[in-house]
Amino acid sequence: MNMEFIDELIMPMITAACLCIGYVMKKWLPTDDKWIPTVLLIFGALSGLILFGADYVGVVKGMVSGIASVGMHQAFKQHLKLPMGEDELYAMGKGEENEDLDIDEDNELTDEEITDEEEYRDESG
């Protein structure tokens, strides 16, 4: 499947603005992380309306650009292997309520947890 049409829909200016807004929401506003993609989608749609007028294509370009900023953030975060904060570990089910996972102060698995994972791999495969 040819995905070149997506290049035509992503507007770098809207994507950069959404990245900045998402960063501000994550760091300084008391919002739940699940709302950030929704806010960026709406902001992108409104930006598309402003930049391209009341046109369906403009709205879609803005929405795709807003969601692309979320994907870019996740891709950079995973590529750079940035440590997760406690709120993200908790959202993944690896926070304080899950006592089975032993994480030290640097958000890394301890030697004990790594050994358990290696034993599981040996048993399963």
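Computed from the coordinates by the stated procedures, all read-outs in this text should not be read as laboratory data. From a predicted model like this one, the values you see are computed outputs, not experimental measurements. Please note: Cβ atoms are built from the backbone with ideal geometry, for glycine as well, and neighbour counts cover all protein chains shown.
Taking the beta-carbon count within 10 Å as an exposure proxy, list Tyr23, Tyr56 from fewest neighbours to most.
Ordered from fewest to most neighbouring Cβ atoms within 10 Å, Tyr23, Tyr56 come out as Tyr56, Tyr23.
Quick one: putting +1 on the C-beta of Lys and Arg, -1 on the C-beta of Asp and Glu, what dipole do you get for region 1-82 around its Cα centre, in Debye to the nearest 20?
Its charge dipole is roughly 420 debye.
Using the reciprocal of the averaged 1/r over all distinct C-alpha pairs, how large is the Kirkwood radius of region 1-82 in Å?
13.0
Search the structure for amide H atoms under 5 Å from the amide H of Met11, placed 1.01 Å from N in the peptide plane, and list their residues when 5 or more places away or on another chain.
Amide H neighbours of Met11: Ser65.
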